[in-house]
Amino acid sequence: MKKKLSSLICACCILVQLHAQESAVPEKITYLGFGTGINNSCGLIGLNLEQFVAGRISVFGAAGIGSWGFKTAIGGRYYLDGKTGKAIGVSFSNASGLTDFEPGNVKILENGQEVDSKGKFNLLPVQQINITWIRMWHVGKTNRMGIELGYSINISGKDNVTGVDVPKLTDESRDNFNFLQPGGLIFGFSFNFGI
């Protein structure tokens, strides 16, 4: 019985010490880092900057390269547990689009037949509203790493492609372009340096 009691007391002491260490980690108010993901605020790869403005509320900006050109985002987050831990976020993002994009063979209809085309297409800018759940962990004394999950609502509509062959695109080719444009499920990973 004494052995079990002493083990329980040791476990409690360790938990209290870990909690004290977690609380003792200095929390910065500005974080600069990089991120990657799908429909992520900074695109497939890019930079982000987050600034706490009042308690658990932060604002952030991000920029990077995505499947639809250069991507930028601005938004805000509310942290439930402090400056690290769980948070909810809302942001607005813009994908710049691409000019003279050559996707390779694209199926078009000519005289009622499907044929391959190697035409150039213009991908028009696309805007999104993003709603996310974030989880951040301390790394070292002042850095953080995190994951972001959510949904990106495309507010620009579909068919944001122009070019000579666009009227002749097959339904499958049109669906492929619509799939490529931003919007839908968000998954992101980031690493931030406290500055």
Total charge of the residues flanking P167 in space, meaning their Cβ is under 14 Å from its Cβ, with Lys and Arg +1 and Asp and Glu -1, is -1
How do the peptides 114-120, 176-182 rank, highest first, by the average count of neighbouring beta carbon atoms within 10 Å per residue?
176-182, 114-120
If you stretched the chain out fully between K120 and T30, how much longer would it get, using 0.36 nm times the residue separation minus the C-alpha to C-alpha distance?
28.2 nm
Across the range 27-194, how many lysine pairs separated by 8 or more positions, or lying on different chains, have Cα atoms within less than 20 Å?
14
Between the Cα axis of helix 171-180 and the main Cα principal axis of the chain, the angle (0 to 90°, nearest 10) is 30 degrees
Relative to the first principal axis of the alpha-carbon coordinates of the chain, what is the inclination of helix 2-24, with its axis defined by its Cα atoms, in degrees from 0 to 90 and to the nearest 10?
60 degrees
Computed over the chain, the Cα gyration tensor eigenvalues, each multiplied by 5 and square-rooted, give semi-axes in Å (largest first) of 47, 18, 12
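Readers should treat all values here as calculations from the given coordinates under stated rules, not as data from a laboratory. Remember, predicted model here, so these are calculated numbers, not experimental data. Positions of Cβ are backbone-derived with ideal geometry, glycine not excepted, and every protein chain shown enters the neighbour counts.
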